[in-house]
Structures are given as C-alpha cells and as structure tokens.
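To start, the structure under review is shown below, and the notes come after it.
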Amino acid sequence: MLQYTIRRLLSMIPLLLLISLVVFSLAKMMPGDAFGGEIDPSNTNPQYIEEMREKLGYNDPIIVQYGRWISNFVQGDFGKSTVYKKPAVEVIAQRIPNTLFLAVVSLIFTYVFAFIMGMYAGRKPYTLGDNLIATYNYLALAIPSFVAGIVAIYIFSFQLGWFPFSGSVGIGLEEGTFEYYVSKVRHVLLPALVLGLMGTASYTQFLRNDIIENGRKDFVRTARAKGTSESKIYNKHILRNSIIPLITFLGFDIATLISGAVITETIFTFPGIGSLFLESVSRRDYAVMMSITMLLSFLTLFGNLVADLLYGIVDPRIRLD
Amino acid sequence: MKKSTVWSLVMMLVLAVFLAACNNDSSTKEKDNSGKEDDSATSTTEPKEGGVVTFATDQAPEGVYDPAYAGSAVDADIQGFTTESIFTINDELEYIPNYAKWDISEDRLTYTFTFEKGVKWHNGEELTVDDWVFALETLADPAYDGPRFNYVEDVKGAKAKKEGKADSIEGIEVVDPYTVKITFEKVKINNLENLWPNPMPKKHYEGIAVKDLGESKQVRENPVGLGPFKVKKVVAGEYSELERFDDYWKGKPLLDGIIVKVIDPSVATGAFQNGEIDIMGIRPQSVKELTALENVRIEETNGVSYSYIGLRFGHRDKATLTNVADFDKFKSKELRQALLYAINRPAMIDAFLEGKATVANTVIPRTFWIAAEESELNQYEFNQEKAKELLKSAGYVDKDGDGFVEDPNGQPFKISFGHYAGPAAFEGRSQAIIQSWNDIGVKTELATGSLIEFNLYNDMKDNDDAALEAFFGSWSTGSDPDPSGLWGNNSEWNYGRWVDDTNQTLLDAGLSVEAFDKDMRKATYVEWQKHFNEELPALPLWENMDLYGINNRLQGVHINAVGFQTDVHKWYVAE
C-alpha cells in the first residue's frame with residue numbers, strides 16, 4: 001500500500017503541472033488585467049499603469065510569464081496579490097479558518113440529515129415518505145444556491161430575525177471572548193444550513209439505494225431466518241455494508257472543505273476562500289487566483305487518493321496494488 | 001476519477017468567469033457620488049451626540065488606508081471618514097481652503113501655503129508642513145510604488161527626483177512649521193488641482209523605507225489620519241469599525257462611531273428595512289423598492305457622471321501616442337445630428353433609469369461652474385422626421401428601396417453599435433438605441449451580436465476594435481472641470497479618436513494663463529461646449545443622478561456631486 005501511495009503521489013506532479021498550465025493560460029487569455037477595467041479619468045495615471053504592467057511582466061508572452069510563475073511557485077513564492085498588495089499566501093491564509101468553519105458545520109448538517117433520510121428511505125422504499133424525501137432532495141439539488149440563500153436571508157434574517165444576514169462575526173467583539181465565539185456560531189448557522197440542506201441529495205440517494213440492494217442479499221435473508229430483529233438487521237448488518245460507498249465521498253469533501261461555497265459565501269458576505277476566489281477572478285488578481293486553483297487541485301487529487309486508500313482499509317475485498 | 005477532477009476544475013473556472021461577468025455591473029461607472037442638499041429631510045430634530053451608524057458598500061475594502069497608496073473606491077470611502085486634505089471641494093465643485101490657505105505669487109509659479117495651528121493627527125502629534133512635504137517627497141521618490149506620482153510631477157524638480165538625479169524636490173521650500181512655498185515647473189491654471197493634498201504622518205512612518213511603506217503595518221493595519229474618525233478594528237472582507245476622534249480639529253464629532261460594512265447588493269433593501277444599514281449609494285433600479293420603505297429616504301443630486309454614445313473617427317497610434325482620424329463613416333455632421341434626434345432620451349431615462357437622470361446636450365455635467373446654460377445649446381429634442389430630413393440633406397437616401405439609407409456614394413450603410421453586459425436594463429437600452437436608428441432608416445446592428453463582457457469591452461475600446469463603430473460609454477469626471485483628459489485631440493480616453501482643431505484650441509485656452517481670470521475661463525469652456533454641442537463628436541445622452549438611500553434615523557448628511565462625506569463630524573442620530 002505504501003508503494004501504491006507513493007506511486008499515486010508521484011503521478012500527481014505531471015497532472016498538477018498540466019492543470020496549472022491550462023488554468024494559467026485560460027486566466028491570462030481573459031480580456032483585461034488587474035489594471036484595466038474601470039478608468040477614473042481624474043485619478044488614473046496611464047504612465048503608472050504602463051509601468052506596472054511592464055514591471056509585473058504582463059507584456060511578456062504567456063509562456064514566458066508561465067515559466068516565471070511556475071519557477072517561483074515551486075520555490076514557495078506564490079506571488080503578491082495586486083488587489084491587496086500583500087503576499088497571496090497571507091491573503092489566503094487569512095480566509096481559511098472562516099471557510100473551514102463554514103464547511104465543517106455545513107458538512108455536519110449534510111451528514112446528519114442525509115443519514116436520517118437515507119436510512120428511512122432505504123428501509124421503507126416506494127412509500128409516501130420515501131417519495132417525499134426524494135422529491136425534497138431533487139428540489140434541493142435543482143434550486144440554485146443563490147436563490148436559496150436570498151430566500152433564507154429574507155425569511156430567517158429579515159422577517160423572523162433569527163440569524164444575522166451577513167458577515168462571519170458581530171461588530172466590535174473582541175477576539176477570544178465568549179460572546180465572540182457565540183457570535184461566530186450564530187453567523188455561520190444560516191449559510192451552513194443553506195449549504196448543508198441543499199447538498200443532501202447525493203448522500204441520501206446513495207445510502208438509500210445501497211440499503212435497498214443490501215436488503216435483498218443472502219446474509220440478510222439468513223439473519224431474518226435466524227429471527228434477528230428488523231432494527232438490528234438494518235442498523236447493524238446492512239448499515240455497515242452500505243456506508244462503504246459513502247467513504248468515497250469523504251475524499252471529495254476534503255477539497256470542498258477548502259473551496260467553500262463560492263456563491264453562498266458571496267451572498268452572505270462571508271469572507272472565505274470562495275468569495276476570495278470569485279473576487280480574484282473578476283479583478284484579475286492572478287497570484288491569488290492561481291494559488292487557490294493549485295491548492296484546490298491538489299486537495300482534490302489528494303482527496304481522491306485518501307478515498308481510495310480508505311476504501312482499501314474498510315473493505316478488505318479491495319486490494320490496492 | 002482523474003477525468004472528473006479536471007472536468008470539475010474546468011467547470012469551476014467557467015462558472016467563475018461567468019459570475020465575474022455578471023458581477024461587473026458594479027464597475028460600469030454609474031457610480032454613486034453625489035450633489036445637492038435636501039433640506040426637507042434634514043433638520044427635523046436638534047443635533048445630539050452619540051450613536052453609531054452603518055455605511056454599507058457592495059465591494060470589500062482592500063485595506064489600504066493611506067490615499068497615496070490606495071486605488072479602490074471603497075478604500076476612498078473609508079478615507080473619507082479618516083483622512084482630510086488641505087483643501088476641499090464645495091457644492092459648485094470649486095477648490096476651497098480646508099486647514100491650509102494659499103497665496104499665489106505674481107508670476108503664478110509659486111504658491112505659499114499657510115497651515116492652521118493645532119490640527120492633530122490621530123496619534124496626538126500636531127500637523128505641520130513637514131508632514132505634507134514628507135508626503136510630496138515620498139510620491140516623487142524613485143522607490144515609491146503607488147499610483148500617484150502624477151500629483152507631484154508638475155512641482156519643480158519632482159521629475160529630477162523621480163529619475164534619481166536629485167535627493168529632494170527643488171520646488172519645495174519650508175519657511176516655518178506652518179508655512180511652505182511650492183514652486184511649479186510651468187504656469188498652469190490647474191496646478192493646485194493637480195497637487196497632492198494629503199499629508200502623511202511623518203512621525204508614524206518614521207524609519208520605514210519608501211519601498212516598504214505601502215505594505216507596512218502603519219499603512220495597512222493601524223493607520224493615522226486627520227479626519228473625524230479613526231480606524232478601530234478591521235475584519236478583512238467584512239467590516240471596518242471607525243471610532244470618534246475627540247481631538248478632531250473642527251470639533252468633536254457627534255457620532256460615537258461609523259461601521260463600514262460589506263453587503264451583497266441583493267439584500268440591500270431588506271437590510272435597510274430592518275435598520276441594519278443607515279446609508280448606502282444605490283442604483284436607479286432600487287429606487288422603487290426603497291421608496292416603499294417608511295424608515296428610509298432617498299436623496300438625489302446631479303452628479304459628475306454622464307453617459308454618451310461614442311462615434312468612431314479613427315484609431316490611436318500607440319507608437320506616437322496620438323489619435324489619427326482615418327475612419328470616415330461619421331464624417332457628416334448632419335448624420336451625427338440625425339442620430340441624436342432619432343433617440344427619445346426622456347423615454348429611455350424613464351424606462352431604464354427610473355427617471356433618475358437628466359437629458360444632457362454636452363459632456364460637462366451641469367453641477368460644474370463652467371457648465372453652459374441649456375438655452376445656449378441645441379436641445380436635440382426627439383424628432384425622427386427632422387432626423388430623416390437631415391439625413392436626406394446630407395445625401396443619405398434609400399436608393400434600393402430596402403427601407404434603409406445608402407451613403408452619399410450609393411454604397412450600403414450600416415452601423416455596428418456596441419454595448420457592455422450588465423443588469424437587465426442594459427439589454428433594453430441598447431435595443432432601444434438600435435431601434436431608434438433603424439426607425440430613421442439607418443441600419444444598425446449590435447456589435448458581436450450580444451452585449452460584450454465588460455473587461456473585453458474595455459480592451460476593444462483601448463484597441464479601437466473595428467466592431468465598435470458606435471459604442472455606449474459613461475464617464476465620471478471627478479471635480480476638475482477640465483475636459484481635455486477625455487476629449488483632447490491626443491487623449492488616450494478620447495475613445496472615438498475625434499481630432500478637431502477648434503476643439504484643441506479651446507481646450508488649451510481653458511488651461512492657459514489667461515484662464516486665471518475665472519470669467520474668461522468659463523467663457524472659453526462655454527464656447528467649447530457649444531462647439532461640441534454643434535459638432536456632436538459623441539452623442540451625449542444623460543447625466544446620471546447620484547442616489548443615496550439613508551435611514552431616517554441618520555441626520556445631518558450633506559450630499560453633493562463630490563460625495564456624501566462633507567462634514568461627517570456633523571452627522572447625528574435622531575431616534
């Protein structure tokens with residue numbers, strides 16, 4: 001397995017290089033750059049813009065720029081944000097805690113609700129309850145998250161006043177105090193609920209289908225024949241087998257943890273990686289955009305590896321070699 | 001699985017690009033600056049102390065607190081609370097002394113500035129001219145990496161310092177801690193307007209090399225300014241908390257503090273309704289929703305931005321930095337006038353801007369003191385018959401009977417009109433313009449077949465793309481009335497590349513020594529506006545109004561064309 005892991009890790013390198021080349025070229029081919037766009041005639045100095053473009057090398061051919069960028073990148077220099085005028089690493093690191101927090105809370109919601117719904121639907125397939133759950137899941141899958149976000153804000157923040165509508169923390173609270181943490185949790189709940197409850201579809205339906213399938217297998221019939229109680233059959237024998245495929249998702253979730261939710265974060269003005277990514281693309285902040293892209297690519301590949309390894313561990317029938 | 005990884009990344013990128021395109025309407029230049037006092041809404045109660053108000057913005061600040069390094073509009077809004085310039089701009093957009101007065105020498109080259117005594121920085125230091133000289137020297141330093149060198153380049157010796165030939169700027173002479181003489185390279189009417197007006201806290205920045213200053217903690221995290229409020233706490237991407245500065249030189253501010261909060265524009269109305277935000281610049285599209293709220297008033301003012309249709313006359317030669325008139329499609333003045341007569345501007349304003357704009361017939365917004373009277377200008381009132389007559393007289397007639405005119409040589413005539421993408425109203429107004437021109441028989445098509453993504457559109461304008469024969473544009477002019485940056489013969493931002501002798505002569509006259517006589521300067525610019533109004537090198541459409549939504553609890557706000565931040569120390573809360 002160690003050999004397998006190393007092999008997989010090594011094979012990531014060319015893949016990452018390829019991804020970076022494609023993303024970099026696409027990014028540079030987008031019209032405009034960090035200095036283009038809105039011009040304020042009384043406040044914009046064309047000489048300065050030209051100077052900066054020259055200094056940052058925007059006038060060089062894309063391939064030259066790519067070579068410069070990648071050689072800095074592998075040496076650990078991720079570049080400087082043209083918007084924030086700080087190292088890209090700093091800008092990103094500042095946002096990671098918020099994103100992680102939001103992602104973990106929303107994943108907990110997803111897991112809990114998907115688990116309950118999946119178990120119920122799997123145990124009582126083709127009943128009214130199952131159909132309702134399926135309907136809900138596909139609706140949630142179909143509704144764009146920005147619509148869900150705005151509706152949630154209007155109902156829960158503006159009408160009912162249960163949750164704050166924007167930001168990640170209350171204004172003026174000192175870091176480290178009890179109120180600070182309470183406020184953090186209060187701010188994360190609504191976006192996390194929107195994200196979590198809208199994302200249950202795949203988990204629920206996978207779990208349901210697996211439970212139904214396993215319910216028809218021989219070992220279940222044997223257990224029934226022995227007189228094992230229905231609840232024990234479902235909660236112990238079937239569930240254990242049905243969870244295995246879900247582990248694959250865990251790998252994907254690693255990337256989700258960081259990538260956050262681009263749109264949801266923006267609507268809730270939740271300062272995380274997602275909103276930063278969106279902003280860096282629209283403002284052509286190449287250093288930040290490329291760093292986030294590479295981070296996410298790596299985590300996605302890494303997550304896949306973790307999923308494969310976990311699969312091998314929980315299901316001894318699968319051999320990784 | 002690998003395939004799906006790459007695929008998901010590509011999808012994410014595509015999505016991001018798409019969203020970026022949607023997002024760009026925030027940068028379309030229909031900015032929310034402001035103009036005129038609304039007496040009815042203010043002064044309902046006596047001003048009193050205390051309270052905190054929230055100013056909302058839809059873009060996150062970059063967190064650069066020294067104006068010499070900042071570039072974004074949101075950072076400028078925060079600086080409007082925390083910093084203050086040596087001069088300010090009044091409602092007529094004239095430059096008036098703030099904490100410094102100035103005298104101009106006989107030869108008009110030397111300005112002697114006298115600072116008020118007792119003006120305090122947030123850290124308790126007293127402001128002296130050294131702080132200002134420090135700022136000017138920094139801007140001219142070869143290692144300075146901010147965008148503002150052009151604000152000192154007219155001072156004598158600043159260029160030499162920038163090029164490393166001098167250690168300090170020759171034209172600055174400190175007389176005493178409150179008096180400084182600044183000598184300029186050349187006599188120019190707008191030397192003052194183009195002089196950097198923001199001192200830097202010299203003591204606070206002590207020991208930092210110029211090349212590190214822009215990234216230093218002193219600029220980025222604990223800034224020191226002169227304004228009525230000081231930065232207390234910043235949560236990046238979310239909010240900035242400002243607190244009252246008790247030693248503010250014009251007197252203690254009434255409010256305890258101001259929160260600058262970032263919100264998504266889609267929830268602005270709800271946030272206003274709930275009293276979570278107190279003041280925000282708004283778009284015409286939001287007026288209807290906000291008017292329905294009882295606790296919110298809308299204040300409007302004539303701003304300094306206008307929209308126009310640019311017409312192409314040539315291209316820009318990037319090697320010589322000159323504009324070359326070599327495109328003849330719009331050479332006929334009658335044609336250009338006909339194109340403007342064809343457009344029903346009041347109807348468009350009602351349909352797409354909720355009536356919150358004024359028809360413009362020149363490109364000098366009427367808030368400026370140099371603006372020409374409407375009676376002196378041709379009004380170009382909507383008249384398609386007149387447009388058709390003008391076309392006919394210029395030789396544009398339909399010879400082949402297809403319903404569209406041919407050019408005077410009998411060749412098919414067609415205009416390709418471009419517009420950038422944005423809110424739904426953009427689709428409507430571009431179609432309205434195309435329809436108007438088709439109605440008078442001038443065949444018009446939308447360039448590239450659809451609205452163009454904003455960054456791409458700017459690129460196309462910069463590069464004189466052939467598809468943009470006529471194009472929609474907007475400018476926000478700032479407070480300097482001189483239009484030569486936008487319409488000068490060789491100006492970079494004269495996107496239509498209109499080259500005209502009378503134009504340049506008049507623009508130069510407006511900046512000449514004679515223009516120190518204010519009446520003469522105004523007369524020159526009125527002359528220029530009449531020329532523009534007659535020639536129509538671009539078709540002026542309307543001046544945008546600056547609109548603000550303000551919660552009724554917030555009083556004492558004075559709005560003008562420059563912005564909403566005049567005398568913020570007089571803002572107060574009435575419950």
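The values are calculated or read from the model by the stated rules, or taken from the named source; none is laboratory data. Because the structure is predicted, anything quoted here is derived from the model rather than measured. Cβ atoms come from the backbone with ideal geometry, glycine included; neighbour counts cover every protein chain shown. Surface accessibility is based on the protein's heavy atoms, side chains included, excluding ligands, DNA and RNA. Shrake-Rupley method; radii C 1.70, N 1.55, O 1.52, S 1.80 Å.
For the protein assembly as shown, what is the calculated [θ] at 222 nm in deg cm²/dmol (nearest 500), taking -39500 (n - 2.57) for each run of four or more DSSP H residues and dividing by its residue count? My calculation for the protein assembly as shown gives -13000 deg cm²/dmol from helical runs alone.
Applied to the range A:222-230, the Karplus parametrisation 6.51 cos²θ - 1.76 cosθ + 1.60 on θ = phi - 60° returns per-residue 3J(HN,Hα) values of 4, 4, 4, 4, 6, x, 5, 5, 4 Hz, with x for Gly and Pro. Ordering B:Ser375, B:His419, B:Val397 by Cα displacement along the dipole of the range B:341-470 toward the positive end leaves B:Ser375 in first place; charges were set at the Cβ atoms of Lys, Arg (+1) and Asp, Glu (-1). Loop-located chymotrypsin sites (Phe, Trp or Tyr not before Pro) in the range B:295-390 (DSSP state other than H, G, I, E, B) with a sparse environment of at most 16 neighbouring Cβ atoms within 10 Å: B:Trp369.
Longest stretch of chain A clear of exposed loop sites (GluC sites (Glu not before Pro), DSSP loop, at most 15 other Cβ atoms within 10 Å, sites excluded): A:1-173.
Please tell me which of these pairs span more than 20 angstrom C-alpha to C-alpha: B:Lys333/B:Lys388; A:Lys85/B:Lys211; B:Lys333/B:Lys443; B:Lys356/B:Lys388; B:Lys101/B:Lys570? Going by Cα-Cα distance, B:Lys356/B:Lys388; B:Lys101/B:Lys570 fall outside the 20 Å limit.
Which net charge results when you count Lys and Arg as +1 and Asp and Glu as -1 among the other residues whose beta-carbon is under 13 Å from that of A:Ser202? Intermediate results must be reported in sequence, preceding the final value.
Numbers: positive: A:Arg208; negative: A:Asp210, A:Asp253.
With Lys, Arg at +1 and Asp, Glu at -1, the net is -1.
Provide B:Leu541, A:Leu21 ordered by accessible surface of protein heavy atoms (probe 1.4 Å), highest first. Working shown, then result.
Values: B:Leu541 0, A:Leu21 65 Å².
In descending accessible area the options line up as A:Leu21, B:Leu541.
Each 5 Å bin from zero holds the following percent of Cα-Cα pairs in the range A:208-321: 2, 11, 14, 14, 12, 10, 9, 9, 8, 5, 4, 2, 1, 0. Note the buried accessible area between A and B here, summed over both chains, with a 1.4 Å probe, in Å² to the nearest 100. That pair of chains buries around 5500 Å² in total. With the cut-off at 26 Å, tell me which of the pairs A:Lys86/B:Lys318; A:Lys55/B:Lys318; B:Lys161/B:Lys188 have Cα atoms farther apart than that. Going by Cα-Cα distance, A:Lys86/B:Lys318 fall outside the 26 Å limit.
The distance from the alpha carbon centre of the range B:453-516 to that of the range A:60-85 is 35 Å, rounded to a whole number. Between the listed residues A:Ile70, A:Phe101, A:Leu56, the Cα displaced farthest toward the positive end of the dipole of the range A:54-150, a dipole computed from Cβ unit charges relative to the Cα centre, is found at A:Phe101. Each part reduced to its alpha carbon centroid, the range A:169-197 and the range B:322-390 end up 53 Å apart. For a bin width of 10 Å, list the pair-distance distribution of chain B built from all Cα-Cα distances, rounded to whole %. Calculated P(r), rounded to whole percents: 3, 15, 24, 25, 20, 9, 3, 0.
Enter the accessible area per residue of the protein assembly as shown (Å², integer; probe 1.4 Å; all protein chains in place). Could the numbers behind the result be given before it?
Numbers: 37970 Å² over 896 residues.
Accessible surface, normalised per residue, equals 42 Å².
About its Cα centre, how strong a charge dipole does the range A:92-282 have in debye, to the nearest 20, once Lys and Arg get +1 and Asp and Glu get -1 at the Cβ?
Details: 14 positive and 11 negative charges, 223 e Å.
Dipole of the range A:92-282, to the nearest 20 debye: 1080 debye.
Rounded to the nearest 20, the size of the Cβ-charge dipole of the range A:183-306 about its Cα centre is 640 debye, with Lys and Arg at +1 and Asp and Glu at -1. A cut-off of 5 Å between modelled amide H atoms, ignoring neighbours fewer than 5 places along the same chain, links B:Asn98 with B:Phe87, B:Thr88.
Go through the range B:394-473 and name the trypsin sites (Lys or Arg not before Pro) that are in a DSSP coil and have 15 or fewer other Cβ atoms within 10 Å of their Cβ.
On the way: sites: B:Lys399, B:Lys414, B:Arg429, B:Lys443, B:Lys461; in loops: B:Lys399.
The qualifying sites are B:Lys399.
Would you work out the charge dipole size for the range B:184-294 about its Cα centre, treating the Cβ of every Lys and Arg as +1 and the Cβ of every Asp and Glu as -1, and quote it to the nearest 20 debye? List each step's numbers first, then the result.
On the way: 16 positive and 17 negative charges, 98 e Å.
With only Lys, Arg, Asp and Glu charged at Cβ, the dipole is about 460 debye.
Taking the chain by itself as reference, the range B:479-495 contains these residues with an accessible-area loss of 20 Å² or more in the full protein complex (1.4 Å probe, heavy atoms): B:Glu492, B:Trp493.
If Rh is defined by the Kirkwood formula over all Cα pairs and Rg also comes from Cα, what ratio Rg/Rh do you get for the range A:92-282? Show your work: numbers first, answer last.
Numbers: Rg = 19.7 Å, Rh = 18.3 Å.
Rg/Rh: 1.07.
Across A:Phe163, A:Phe115, the residue with the most accessible area heads the list, and the full order at a 1.4 Å probe is A:Phe115, A:Phe163.
Mean projection of the Cα convex hull over all viewing directions, computed for the protein assembly as shown: 44.5 nm².
A simple count of charges around B:Gln273, restricted to other residues whose Cβ falls under 10 Å of its Cβ and scoring Lys, Arg +1 and Asp, Glu -1, yields -3. Per-residue accessible area (protein heavy atoms, 1.4 Å probe) orders B:Glu185, B:Glu94, B:Glu206 as B:Glu206, B:Glu185, B:Glu94, starting from the largest. Between the range B:527-564 and the range A:92-117, the alpha-carbon centres lie 46 Å apart.
Here, the range A:160-267 has an Rg and a Dmax of 20.8, 65 Å when only alpha carbons are counted.
Taking a straight Cα-Cα cut-off under 13 Å and skipping sequence neighbours fewer than 8 places away in the same chain, the aspartates and glutamates within cross-link reach of B:Lys250 are B:Glu84, B:Glu116, B:Asp567.
Per-residue 3J(HN,Hα) values for the range A:116-131, derived from phi via the Karplus relation 6.51 cos²θ - 1.76 cosθ + 1.60 with θ = phi - 60°, read 4, 5, x, 4, 5, 5, x, 7, 10, x, 6, 9, 4, x, 4, 5 Hz in sequence order (x marks Gly and Pro).
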